[in-house]
Amino acid sequence: MIVVEDLVKNYGSFQAVKGINLKVEDGQIVGLLGPNGAGKSTTMNIITGYISATSGSVEIDGYNIMAEPMKAKSRIGYLPEIPPLYMDMTVLSYLKFVAEIKGVVKKERLAEVKRVMKITKITDRAQRMISKLSKGYRQRVGLAAALLGNPPILILDEPTVGLDPSQVVEIRELIRSLAHEHTVILSSHILSEVSEVCDHIIIINNGTVVAEDTPENLSRKYSNQSHVAMEIKGDKESIGEVLDSIDYIESYEFGASEDGVQEVNLLLTTDEDRNDDLFYLFAGKKMPVRKVSRESLSLEEVFLKLTGEEKPQKEEDVDVEAEDAEGTETVEETESVETAEDNKEDNDKEEE
Ligand code: ATP
């Protein structure tokens, strides 16, 4: 069992983790979900003893990570966001090396390395240099290293970042299969990933836990909503009057306005398609609709819904949200670029 109490981490004057409490029962697969910069890696780095906390405590199966680091760490297999692999080693020699560091006794080392290579399906790459592996295979090597010594707890930081869709599916399946014998904490900024793999989700935002529940309960809380982005020709007041009269609109927010065309974002209390209805309502009032498009709730909006907060109105809050959204997109763009390159490299290497 993992018990985290009142965890705080300051980086200088910046507080990255602001009093996080977590309890992970044996056998659970828990997802730490949050946007970039939420504090997931910092929390995981503290739980695994990579960095120290400013205050608070972490207990791993009853061992305090600060007071008894060796005993606590021996219970954990950690896959950091960027696995610390030695590029000029072969998979086999690297895993033997990690097994040695982890204290696997010499006569059992080879068998243990073979066991984890089999689980992570990299046996056929055993003699290959790590530098020659694709990103997906490197991730598997990192996972194999985390599994060495058969620790009861696995902590996986963004295990599918940068992988192509088929690799993502494989790694998720692998994690699910590991869950039978391990307690797993994994972090992700992808809502669908944690809801698919985890039986419990902890949502972290801005260094605090904003919600935690089963995926079913969390999705129930926001699945009956949808967003619609509109551009309507007319003045704010008249548009507002129409919107106020519609019973399935929970809230709306005006955006930019140009040449008499007003942007407005609606939050509907239904996930049914109401685009036609909205179009004709405004057309009937002689207000031409230039755009009406349904959009799914973003992670940020799910956070807002789950925490029961109002949509941020302050300028600085809006900026922060825009920055986060930008950050997420950048990551995804980077991922797809990397994936394409990876695949190309992998094909090149396979041809060698
Ligand atoms: P990501 O998904 O982008 O990895 P995260 O949720 O894992 O995000 P963290 O890496 O824990 O977030 O970072 C939390 C905050 O702490 C961020 O604002 C980050 O910039 C900041 N931070 C992390 N490490 C340091 C550091 N060594 N020094 C200063 N600030 C840091």
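The values are calculated or read from the model by the stated rules, or taken from the named source; none is laboratory data. Treat the numbers as computed from the prediction; the structure is a model and nothing was measured. Because the Cβ atoms are built from the backbone with ideal geometry, glycine has one as well, and the counts that use them run over all protein chains shown. For accessibility, only protein heavy atoms count, side chains too; no ligands or nucleic acids. Shrake-Rupley method; radii C 1.70, N 1.55, O 1.52, S 1.80 Å.
At-a-glance table
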read-out	value
Any hit, region 33-47, residues being open to solvent by less than 10 Å² (accessible area, probe 1.4 Å), more than 8 Å from the ligand (Cβ to nearest atom), under 18 Å from residue 146 (Cβ atoms) and not aromatic (Phe, Trp, Tyr)	yes
Test: residue 9 is assigned to a strand (DSSP E or B), among the basic types (Lys, Arg), more than 24 Å from residue 216 (Cα to Cα) and near the ligand (Cβ under 10 Å from one of its atoms)	yes
Among (1) open to solvent by less than 40 Å² (accessible area, probe 1.4 Å); (2) closer than 19 Å to residue 159 by Cβ; (3) within 13 Å of the ligand (Cβ to nearest atom), the one test that residue 50 misses	(1)
Cβ-Cβ under 7 Å pairs, at least 6 apart or on other chains, region 229-247 side charged (D, E, K, R), far side open to solvent by 50 Å² or more (accessible area, probe 1.4 Å)	231/263; 231/290; 231/291; 233/288; 233/290; 236/254
Top-ranked residue of region 165-194 - restricted to ones that are touching a Gly at 6+ places or on another chain (Cβ under 8 Å) and open to solvent by 20 Å² or more (accessible area, probe 1.4 Å), ranked as farthest from the ligand (Cβ to nearest atom)	170
Residues located in region 176-196, provided they are aliphatic (A, V, I, L, M) and farther than 15 Å from residue 81 by Cβ	178, 179, 184, 191, 194
Strands (runs of 3 or more DSSP E) enclosed by region 214-317 - at least 1 residues per element that are under 29 Å from residue 202 (Cβ atoms), at pLDDT below 75 and open to solvent by 60 Å² or more (accessible area, probe 1.4 Å)	289-295
Verdict on residue 110 being touching a residue at least 40 places away in the same chain (Cβ under 8 Å) and either closer than 27 Å to residue 192 by Cβ or open to solvent by 60 Å² or more (accessible area, probe 1.4 Å) (or both)	no
Of residues in region 195-208 being closer than 22 Å to residue 56 by Cα and surrounded by fewer than 20 Cβ atoms within 10 Å (Cβ to Cβ), the one farthest from the ligand (Cβ to nearest atom)	208
Cβ-Cβ under 9 Å pairs, at least 6 apart or on other chains, region 13-30 side polar (S, T, N, Q), far side within 11 Å of the ligand (Cβ to nearest atom)	15/9; 15/207
